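Working notes, structure below.
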Amino acid sequence: MERERLRALIRKLPGGPDLQIVFGEADDGAPWCAIIKQAGEVLVRVARLPSELVVHVTGQQVVT
């Protein structure tokens, strides 16, 4: 369900058709995702840690 909500979100962002979302897991099993441009530039990284959600927007400070 979270993945589908994230996919719906990027469709609403400016440049949506040129964006893609990639999902994965860290070595410890923590889920993460990244929103990237087709050219490969990472725009947003999101990681779910046991006690927090960490969002990093390229060029911005980390938000938890």
Quick one: residue 34 ticks every box in (1) modelled with pLDDT of 90 or more; (2) in contact with a Leu (Cβ under 6 Å, 6 or more places away or on another chain) except a single one, so which number is it?
(2)
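Residues being in contact with a Phe, Trp or Tyr (Cβ under 8 Å, 6 or more places away or on another chain) and either more than 19 Å from residue 9 (Cα to Cα) or not small (Gly, Ala, Ser) (or both): count how many of those fall in the range 39-60.
3
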Log entry, pairs with first residue in the range 29-55 being within 16 Å of residue 5 (Cα to Cα), second being surrounded by 17 or more Cβ atoms within 10 Å (Cβ to Cβ) and of a type in the set (Asp, Glu), beta carbons closer than 9 Å, six or more apart or on different chains, reads none
Segments classed as strands (runs of 3 or more DSSP E), wholly inside the chain, with at least 1 members that are surrounded by 13 or more Cβ atoms within 10 Å (Cβ to Cβ) and touching a Cys at 6+ places or on another chain (Cβ under 7 Å)
19-25, 42-49
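The values are calculated or read from the model by the stated rules, or taken from the named source; none is laboratory data. Bear in mind that the values here come from a model prediction, so they are computed numbers and not experimental data. Cβ coordinates were reconstructed from backbone atoms using ideal geometry, including for glycine residues, and neighbour counts include every protein chain displayed.
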